[in-house]
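In what follows, a single structure is set out as structure tokens and then discussed.
The values are calculated or read from the model by the stated rules, or taken from the named source; none is laboratory data. On a predicted model such as this, the values are computed, not experimentally measured, just so you know. All Cβ positions, even for glycine, are placed from backbone atoms using ideal geometry, and neighbour counts span all protein chains on display. All accessible areas refer to the heavy atoms of the entire protein, side chains included, with ligands and DNA or RNA removed. Shrake-Rupley method; radii C 1.70, N 1.55, O 1.52, S 1.80 Å.
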Amino acid sequence: MTEIVMTQTPPILHGPSEKEKKYDRQLRLWAASGQAALESANILLVNSGTGTVGIETLKNLVLPGIGRFTIVDDAVVDEPDLGVNFFLDESCLGKLRSQCCTQLLQELNPEVKGDCYPKSKAAVDLNNILTTSPTFTLIMYTMPIKPEDLATLEAYGRQHCTPLVSIHTAGFYSYFRISLPGAFPIVDTHPDAEKTVDLRLTQPWPELVQFAEEMTQDIESLDDHAHGHLPYVVILLYYLGKWRDAHNGANPTEYKAKVEFRKTVADAARTDNPEGGEENFQEAVAAVNRSVKAQSLEPTLREVFDHELSNEAELRSSFWVIANAVKKFHDKHGALPLPGSLPDMKAESKVYVKLQSIYKAKARKDVSEVLETARAMAGGEDVDPAEVEMFCKNASFVKLVNATTDGRDLSKIYDSEKANDELAEAVGMPLSLMPIYLALSATSHNAAATIDEIKAEVSRRIPGAADDMRVLQAAQEVARAAGGELHDLSAVIGGMVAQEVIKIITKQYIPIDNTCIFDGISSRCQALRL
Amino acid sequence: MAVDAGVGINEANRWRYLNHIRKTKGPFNEDAEISEDGPDPLQQSKILVIGAGGLGCEMLKNLAMSGFKDIHVIDMDTIDISNLNRQFLFRQHDVGKSKAEVASAFVMKRVKGVKITPHNCKIQDFDEDFYKQFQIVICGLDSIEARRWINATLVNMVDDEDPDSLKPLIDGGTEGFKGQTRVVFPTITPCIECQLDLYAPRAAVPLCTLATIPRQPEHCIEWAHIIAWDQEKPFPSLDKDDPEHITWLYEKALNRAQEFNIPGVTYSLTQGTVKNIIPAIASTNAIIAGSCCLEALKIATQAAPSLGFNDNFMSYDGTEGVYTNTFKYEKKDDCAVCGSLAKPLKVDPNWTLRELLESFATNAAAQLKKPSIRTEEKTLYMQFPPSLEETTRPNLDKKLRDGLGLVEKQEIAVTDPAFPLLSFKFILRFS
């Protein structure tokens, strides 16, 4: 599927720039817009403990070219660092870990700026660093962390609407949790291409109807070539019209009707031609299930429409103005703005290009209507047409992450996970990884906690949970690591966190909501909202 | 472990975190054989990494940081500028040099005490004697054919009398935000060939679409690539890494697109379509390589149960939240490598032998580009040697049933020079 540009000016024939060559394999995922967002990002890592997972994460952000990073870490490099952290060598012994890691990370990409604190071996004044640095786009911190430092970071996050990522890794276990500043909408979610096909066969507009009618008015007398090159959209529109005539205007959207309709279309294919069948009719039959359907809203978009704006920042954001304008469009027309793309299908080149332009023209018309509505709304006067176009194109798949501010009661979540486990165990499904979270987070401020200390802390948060056999095992496994990281596991988590950070910064794809727990023993993870 | 690596570092101190976990049993490895005094499995293991690209660079780092001391790496490629966004052992000034050599030298310089031996060649350049020296083989490849070759080789090497002949194979792969890790215990658990249908080849665009009714920018690019190049032969042979060649195809495709009013042909799309470029990023490689090496560490040290005998496959998807699916892939009795039965093959009895042979390229269960074919009684077509090819060539245009006398449920065997150890057995089912 492709964007159609009506007036085609030939592009200047030049190859890619050096930078485009270097970033080619990632530009194919997040395009120039995502790359620009990365290049203007300023990331802070507050590092601690055995200090590897945060550095591995930064490595995966420096390589694709984030603008700037800062490491805060008051540790001095000691021999055990060299057994777990790749961005240190023996010449670093006795020096500040933040400085050495910054230097070796910067070597990975000369376009990235790195900074570090403290500047000399002295206590870190986190408050001072935060107030004197350019505003951070996103902050990551690793466990264990001093409670007062955590409070400082959380206060900064609230003040500047900065996403915070906490990362905790010990031995074979890890979790990371993302705190987003309020509801976090994403328009460019990159759904699978086949999911996004929207042909409006049951709600065609006049230009499409006319085009289909012109092509099919003498369908029986078409020669084999013309009949065999009718685009399947046209075939389906024609037989849907006949179906509605015979069924009181109803479309075959129910299962039984669809089966029957599919047979009608299949039977209409010519078999007495030299090929003994028609590919375009096969395509039409295959498209019935996917494309002949009543318009319905994706639950994720319903959530966007129903969202109540809760703060000043949301009221000012163009996203919410456009969302509101699209909602009005939907209320008025009973359908979303048309995305406008057309999948490939057997057809003559000219016919296909014409059909493509009919879809695109309708999409443009819908965009104009939404733009007009948005501009008439308070705060929408200066809304960007490109942003409206992007929203309309992806409307069905717009997603709100961190949509609610529900109180998160750990005990209730734990009870629900336990209840799920009883069912899961009965059918041999994997069990909840929440015990790992409970045991690990019990060591948030005390990495080398003993089994008894972990159990006591778990019981303090959820009375009785420490008696659970699986929680006890997780506590044993956490205590076994004694606060030490395994490099391989930190490499895995460094990759996972970097993916999430990239999604948040580029506002593309869908970031996790909001906690990922990883078990390196069974090699799987679980997402939980905590 | 207390050996000094020669730089004044106390090795016991350096590996304190790793060794603490290794020497302390946890609730999930209570049966592990871990001894304080016996030989250290990490010192004893020789491990082979295949591929020094996106996954391979990460794997070399991870294995060195996991305490493995003797690592070999095979890669025949040289460093390209488009590698630098993720293959973090390479710098701008390394462009053009051998991946295996630069990667090995970098990790050995950073992590003192590890020995990494680079092999700047193809995996097919080595025989069983070479592969026998390793305890674990770990693959970070983008080629299906190379995976199939090493898989067949390792399965074939297994000698029931000799437990050392069984080499666990750990395989990683990525595409964009997605990836997978697999662990194979050859002959015991499902092998890569058992899972071949995961790599179903993309359906090719029919030639007539390219030639007469293009609709998509990709159709114009494929036309330039397959048809225009052959007609005009602007250079002696197509080098997909030569920007001049790609530019030629781009201009041809663009002209054709303008002729048909088709938008969307760009240099980047031309290159991506012609080279079948798969998007690749550092973070996904980190996840999958980390996961592969964690399995290697678990297999070598018993620090925790590894993937393999129960769950053997972990797939990762980061496009929508974070999602893993870890499951047990089943062994196939009709696997061409580790099974014994013939696979059923649906064919039209009116096909010519040529049509049957061509179908093997796109058949998900075979994926063979140069197939030769025989029944139990006679040879139907051989690609090599030339004399045999010539004698069997007339069969190509004969129909399967009427021309060659093949019957329902007939067993045929197919071979291909890409997999010299293998014979693919099929049972014909007429449609």
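Restricting the first member to segment B:259-270 and to residues that are at the interface with chain A (Cβ under 7 Å from one of its Cβ atoms) and on the phi > 0 side of the Ramachandran plot, and the second to residues that are at pLDDT 95 or above and assigned to a helix (DSSP H, G or I), the beta-carbon pairs closer than 6 Å and six or more apart or on different chains are B:Asn261/A:Val353; B:Gly264/B:Pro217. A single member of A:Leu301, A:Leu297, A:Leu240 is of a type outside the set (S, T, N, Q) and not in a helix (DSSP H, G or I), and it is A:Leu297.
On the basis of being part of a loop (DSSP other than H, G, I, E, B), in the same structural domain as B:Ser165 (by TED's automatic domain parsing) and either without any contact (Cβ under 8 Å) to a residue 60 or more places away in the chain or small (Gly, Ala, Ser) (or both), does B:Ala100 make the cut?
For B:Ala100, the condition - part of a loop (DSSP other than H, G, I, E, B), in the same structural domain as B:Ser165 (by TED's automatic domain parsing) and either without any contact (Cβ under 8 Å) to a residue 60 or more places away in the chain or small (Gly, Ala, Ser) (or both) - is not met.
Within segment B:282-295, residues that are at the interface with chain A (Cβ under 7 Å from one of its Cβ atoms) reach no partner that is at pLDDT below 95 and part of a helix (DSSP H, G or I) with beta carbons closer than 8 Å at six or more positions or on different chains. Selection of segment A:83-98 for residues being surrounded by fewer than 19 Cβ atoms within 10 Å (Cβ to Cβ), not hydroxyl-bearing (Ser, Thr, Tyr) and not in a loop (DSSP other than H, G, I, E, B) yields only A:Glu90. I'd like to know if segment A:56-70 contains one or more residues that are among the hydrophobic types (A, V, I, L, M, F, W, C), under 15 Å from A:His487 (Cα atoms) and assigned by TED's automatic domain parsing to the domain that holds A:Ile145. Yes: segment A:56-70 contains one or more residues that are among the hydrophobic types (A, V, I, L, M, F, W, C), under 15 Å from A:His487 (Cα atoms) and assigned by TED's automatic domain parsing to the domain that holds A:Ile145.
Does segment A:429-448 contain any residue that is away from every other protein chain (no Cβ under 14 Å) and farther than 22 Å from A:Thr169 by Cβ? Within segment A:429-448, none of the residues are away from every other protein chain (no Cβ under 14 Å) and farther than 22 Å from A:Thr169 by Cβ. The condition of being out of contact with any Phe, Trp or Tyr (no Cβ under 8 Å at 6 or more places or on another chain) and in contact (Cβ under 8 Å) with a residue 60 or more places away in the chain does not hold for B:Lys69. The number of residues in segment B:55-82 being within 12 Å of chain A (Cβ to nearest Cβ), surrounded by fewer than 23 Cβ atoms within 10 Å (Cβ to Cβ) and not hydroxyl-bearing (Ser, Thr, Tyr) comes to 2.
If you go through segment B:44-83 and pick out every residue that is of a type in the set (S, T, N, Q) and in contact with a Gly (Cβ under 8 Å, 6 or more places away or on another chain), you end up with 3. Checked across segment B:323-338, the condition of being closer than 30 Å to A:His190 by Cβ and outside any strand (DSSP E or B) holds for at least one residue. The condition of being surrounded by 15 or more Cβ atoms within 10 Å (Cβ to Cβ), over 30 Å from the mean Cα position of the chain (by Cα) and among the β-branched types (Val, Ile, Thr) holds for only one of B:Thr392, B:Thr379, that being B:Thr392. Would you say B:Ser306 is among the small types (Gly, Ala, Ser), closer than 30 Å to B:Ala32 by Cα and either crowded, with 17+ Cβ neighbours inside 10 Å or not assigned by TED's automatic domain parsing to the domain that holds B:Thr187 (or both)? Yes: the conditions hold for B:Ser306.
Tell me, which residue of segment A:405-422 that is open to solvent by 70 Å² or more (accessible area, probe 1.4 Å) and of a type outside the set (Asp, Glu) is farthest from A:Glu303 (Cα to Cα)? My answer is A:Lys418. Do we find that B:Gly264 is closer than 16 Å to B:Pro214 by Cα and either among the small types (Gly, Ala, Ser) or crowded, with 22+ Cβ neighbours inside 10 Å (or both) in this structure? Judged against the criteria, B:Gly264 is a match. Within segment A:268-296, the set of residues being under 22 Å from A:Val351 (Cα atoms), open to solvent by 30 Å² or more (accessible area, probe 1.4 Å) and polar (S, T, N, Q) comprises A:Gln282 only. Selection of helices (runs of 4 or more DSSP H) fully inside segment B:219-301 by the criterion of at least 1 residues being basic (Lys, Arg) returns B:243-260, B:267-275, B:282-301. Selection of segment A:215-225 for residues being assigned to a helix (DSSP H, G or I) and surrounded by 10 or more Cβ atoms within 10 Å (Cβ to Cβ) yields A:Met215, A:Thr216, A:Ile219, A:Asp224. Please go through segment B:33-48 and pick out each residue that is outside any helix (DSSP H, G or I), in contact with a helix residue (DSSP H, G or I) (Cβ under 8 Å, 6 or more places away or on another chain) and not hydroxyl-bearing (Ser, Thr, Tyr). Correct list: B:Ile34, B:Glu36, B:Ile47, B:Leu48. Scanning segment A:38-82 for residues that are in contact with a Leu (Cβ under 8 Å, 6 or more places away or on another chain), over 13 Å from A:Gln99 (Cβ atoms), open to solvent by 10 Å² or more (accessible area, probe 1.4 Å) and in a loop (DSSP other than H, G, I, E, B) returns A:Gly67, A:Asp78.
Tell me the residue from A:Ala335, A:Ala269 that is touching a residue at least 12 places away in the same chain (Cβ under 8 Å), among the hydrophobic types (A, V, I, L, M, F, W, C) and either part of a helix (DSSP H, G or I) or within 24 Å of A:Asp192 (Cα to Cα) (or both), please. From the options A:Ala335, A:Ala269, the qualifying one is A:Ala335.
Number of residues in segment B:107-121 that are at the interface with chain A (Cβ under 9 Å from one of its Cβ atoms) and assigned to a helix (DSSP H, G or I): the value is 3. The single condition from (1) open to solvent by less than 30 Å² (accessible area, probe 1.4 Å); (2) within 30 Å of B:Ile81 (Cβ to Cβ); (3) in contact with a helix residue (DSSP H, G or I) (Cβ under 8 Å, 6 or more places away or on another chain); (4) more than 14 Å from chain B (Cβ to nearest Cβ) that A:Leu130 fails is (2).
Somewhere in segment A:484-497, is a residue within 14 Å of another protein chain (Cβ to nearest Cβ) and over 30 Å from A:Phe86 (Cα atoms)? Scanning segment A:484-497, I find no residue that is within 14 Å of another protein chain (Cβ to nearest Cβ) and over 30 Å from A:Phe86 (Cα atoms), so the answer is no. I'm trying to understand the selection: among the residues of segment A:462-479, which are facing chain B (nearest Cβ under 8 Å) and buried (at least 24 other Cβ atoms within 10 Å of the Cβ)? Residue satisfying the conditions is A:Glu477 alone.
Within segment A:365-390, residues that are at positive phi sit with their Cβ atoms under 9 Å from residues that are in a helix (DSSP H, G or I), at 6+ positions apart or across chains, in these pairs: A:Gly379/A:Leu315; A:Gly379/A:Arg316; A:Gly379/A:Ser318; A:Gly379/A:Trp320; A:Gly379/A:Val321.
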